[in-house]
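> Quick one: the structure is below, and I'll ask about it shortly.
Bear in mind these aren't lab numbers, they're just calculated from the coordinates by the rules spelled out. Every value quoted in this text rests on a predicted model; they were computed, and no experiment measured them. Neighbour counts run over all protein chains shown; Cβ positions are idealised from the backbone, glycine included.
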Ligand SMILES: [Zn+2]
């Protein structure tokens, strides 16, 4: 695990601190759009594509629960549907009643979806309490020994 507090200009991995903070800010802005009539737990995500584009997402719940989709997968599905296939990092924030009080790690389903498109050693997952208090881990730290397309060959 790699941790980062506000003192300093560099981060673990390839992203400058300014880029990390922008992603966190973009993810936090999505909390306002989360559709959360059942859980009241909002999540926002900002996905940095290899071409520098940032694609955002929020969670969208459903009365039947099963069709609900997480913010991270919303961002990935939006990006892939726009032709994006290469990604560098994703920032994730969340909290009850749209208030961030703790880190919000990605659920198992989202980790698997990330692994479909991202190298587990070089794709970074940023979780944050604020733009000054964040953690950066590789996808592989969240999803070791993942099952992927190579297993099907
Ligand atoms: Zn999820």
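> So how do 117-123, 63-69 stack up, highest first, on mean other-Cβ count within 10 Å?
Values: 117-123: 16.3, 63-69: 10.0.
The packing order, highest mean first, is 117-123, 63-69.
> Given N residues in the chain, what is its alpha carbon radius of gyration divided by 2.2 N^0.38 Å? Display every interim value, and only then the final one.
Numbers: Rg = 14.7 Å, N = 153, 2.2 N^0.38 = 14.9 Å.
For the chain, the normalised Cα radius of gyration comes out at 0.99.
> Quick one: work out the % antiparallel among DSSP beta bridges in the stretch 14-141, nearest 5.
Values: 20 of 25 bridges.
So the antiparallel bridges amount to about 80 percent of the total.
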